[in-house]
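Undergrad: Starting off with a structure, shown below.
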Ligand code: ZN
Ligand code: FE
């Protein structure tokens, strides 16, 4: 399975999973249809699945047009999103499995950004491969999604599930927010040498207009303040010793950053 990144709108990424042998593809969070249709044509594959993480229009905006062109493509989304995702046919819950090509994707229920948000984790098929996590707007490189429909308690529980995956896991998040996220991270964790060097790398990459997605979970665990609610430095930065309160205060500060 290969993953292509298609940049759309101002800062969204659509991910195209494809298998050149079987000539099939699946798309994660198609904000728009046209760039996906163009890529499918270029690589000459049939769309068989749409994997949506949540109902926001910058994640499902292309659904209708894609299923018009590929009526057999199956549209997946979270069970709690029933009625909010155009064309949804499969209503997924925590622990459900989806299949694409030679890979099995495990579903995590990760409410917080929205009340129905799910993530898809494709474990590595062989020892040489890495796992791939498609986490929508839950975990970002250097940050996390805003809490539109969920509580800090829910988001900490959701992020805990993702944090438990192998450190080598590729984090395919849906927005290029990394530089701004790390600028915020430096205000609360400025003494962290891993964060300092990551910021320098990301700044250089962005000045060359390079993507910073996917990142790796191990890097996120060392540098992303929104996975570090139990780290003493972060707790003292927001004057709390409680993990959920630490997370909530960090999220509040980021909202105003
Ligand atoms: Zn969203
Ligand atoms: Fe989004």
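Computed from the coordinates by the stated procedures, all read-outs in this text should not be read as laboratory data. On a predicted model such as this, the values are computed, not experimentally measured, just so you know. Virtual Cβ from ideal backbone geometry, glycine too; neighbours counted across all protein chains shown.
Undergrad: Being assigned to a loop (DSSP other than H, G, I, E, B), buried (at least 20 other Cβ atoms within 10 Å of the Cβ) and within 13 Å of ligand 1 (Cβ to nearest atom) is the filter here; which residues of segment 140-157 pass it?
TA: Once the filter is applied, which keeps residues that are assigned to a loop (DSSP other than H, G, I, E, B), buried (at least 20 other Cβ atoms within 10 Å of the Cβ) and within 13 Å of ligand 1 (Cβ to nearest atom), segment 140-157 yields 145, 150.
Undergrad: Would you confirm whether or not segment 163-184 contains a residue that is surrounded by 20 or more Cβ atoms within 10 Å (Cβ to Cβ), within 16 Å of ligand 2 (Cβ to nearest atom) and under 21 Å from residue 242 (Cβ atoms)?
TA: no
Undergrad: Moving on. If you go through segment 158-182, how many residues are touching a residue at least 24 places away in the same chain (Cβ under 8 Å) and farther than 24 Å from residue 58 by Cα?
TA: Going through segment 158-182 one residue at a time, the tally reaches 7.
Undergrad: How about segment 103-141: which of its residues are under 20 Å from residue 215 (Cα atoms), within 16 Å of ligand 2 (Cβ to nearest atom) and without any contact (Cβ under 8 Å) to a residue 40 or more places away in the chain?
TA: None - no residue of segment 103-141 is under 20 Å from residue 215 (Cα atoms), within 16 Å of ligand 2 (Cβ to nearest atom) and without any contact (Cβ under 8 Å) to a residue 40 or more places away in the chain, so the list stays empty.
Undergrad: Please work out which residue is nearest to ligand 1 (Cβ to nearest atom), limiting yourself to segment 124-139 and to residues that are farther than 24 Å from residue 84 by Cα, part of a loop (DSSP other than H, G, I, E, B) and touching a strand residue (DSSP E or B) at 6+ places or on another chain (Cβ under 7 Å).
TA: Result: 131.
Undergrad: Look at residue 49 and say whether it is within 20 Å of the chain's Cα centre (by Cα) and within 19 Å of residue 102 (Cβ to Cβ).
TA: yes
Undergrad: When the residues of segment 1-17 are filtered to those that are away from ligand 2 (no atom under 16 Å from the Cβ) and free of Cβ contacts under 8 Å to residues at least 60 places away in the same chain, which remaining residue is farthest from the chain's Cα centre (by Cα)?
TA: 2
Undergrad: State whether one or more residues within segment 65-83 are within 13 Å of ligand 1 (Cβ to nearest atom) and part of a loop (DSSP other than H, G, I, E, B).
TA: Within segment 65-83, not a single residue is within 13 Å of ligand 1 (Cβ to nearest atom) and part of a loop (DSSP other than H, G, I, E, B).
Undergrad: Hey, another quick one. Anything in segment 28-39 that is within 17 Å of residue 75 (Cα to Cα), assigned to a helix (DSSP H, G or I) and in contact with a strand residue (DSSP E or B) (Cβ under 8 Å, 6 or more places away or on another chain)? List them, or say none.
TA: 36
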